[in-house]
Amino acid sequence: QVQLAESGGGLVQAGGSLRLSCAASGRTFYQYALGWFRQAPGKEREFVAAISWSGFGVDYADSVKDRFTISRDIAKNTGYLQMNSLKPEDTAVYYCASKPGARSRTESDYDYWGQGTQVTVSV
C-alpha cells in the first residue's frame, strides 16, 4: 500500500511559479511511476505529467510542455512538479498518483492517489 500526500499549492499571480511536492509513505517508490493530474471546476480530471520509476522517462500534456517540469527523488520518496509561467487556466486541484510499472497518461491505470492540493492563478 502506498499513501501519497501533495503539498505546495497556493495562490499565485499569472506568470509566477509554484513547486508541488508528492510525499509517498507506506512503501518505497522504487519501480513505481508517478503522475500528476489536475481537475478544474466543472471539468474532468486531466493528465498533466508523468515520470518513470527511473526518472529518465517523462511525458507532458501539450498545455504544460515547456512550462512544467516533473521530477522525483527516490531516496526521499518524493515527487515534484515545478510549475513556471503559470496561467489562469492552470487553476485546478492537482493530484499526484502512482502505479507500478511504466508511466501512463491514463487516470485509471494509477492505483494510488493523493488528496489533492489547490492551485489558483490570478490574472
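The values are calculated or read from the model by the stated rules, or taken from the named source; none is laboratory data. The shown structure was predicted, so the numbers you read here are calculated from the model rather than taken from an experiment. Every residue, glycine among them, receives a Cβ derived from its backbone with ideal geometry; neighbour counts consider all protein chains shown. Each accessible area value is taken on the protein alone, full model and side chains, heavy atoms only, with ligands, DNA and RNA left out. Shrake-Rupley method; radii C 1.70, N 1.55, O 1.52, S 1.80 Å.
Here are some notes:
- Test: residue in segment 31-40 that is under 22 Å from residue 111 (Cα atoms), at pLDDT below 95 and either open to solvent by 40 Å² or more (accessible area, probe 1.4 Å) or touching a Pro at 6+ places or on another chain (Cβ under 7 Å) (or both): yes
- Pairs where the first residue, in segment 55-80, is in contact (Cβ under 8 Å) with a residue 60 or more places away in the chain and the second is surrounded by fewer than 16 Cβ atoms within 10 Å (Cβ to Cβ) and of a type in the set (S, T, N, Q), C-beta under 6 Å, 6+ apart: 80/71
- Considering segment 41-123, the qualifying strands (runs of 3 or more DSSP E), each wholly inside and each with 1 or more residues that are farther than 22 Å from residue 11 by Cβ, touching a strand residue (DSSP E or B) at 6+ places or on another chain (Cβ under 9 Å) and open to solvent by 50 Å² or more (accessible area, probe 1.4 Å), run over 58-60, 92-100.
- Residue match in segment 32-41 (condition: of a type in the set (Lys, Arg), within 24 Å of residue 123 (Cα to Cα) and within 10 Å of the chain's Cα centre (by Cα)): yes
- One residue from 107, 46 being free of Cβ contacts under 8 Å to residues at least 40 places away in the same chain, touching an Asp or Glu at 6+ places or on another chain (Cβ under 9 Å) and of a type in the set (Asp, Glu): 46
- Every residue from segment 9-30 that is open to solvent by 30 Å² or more (accessible area, probe 1.4 Å) and either in contact with a Pro (Cβ under 7 Å, 6 or more places away or on another chain) or farther than 17 Å from residue 67 by Cα (or both): 11, 14, 23, 25, 26, 27, 28, 30
- Filter result for residue 24 (at pLDDT below 95, in a strand (DSSP E or B) and aliphatic (A, V, I, L, M)): yes
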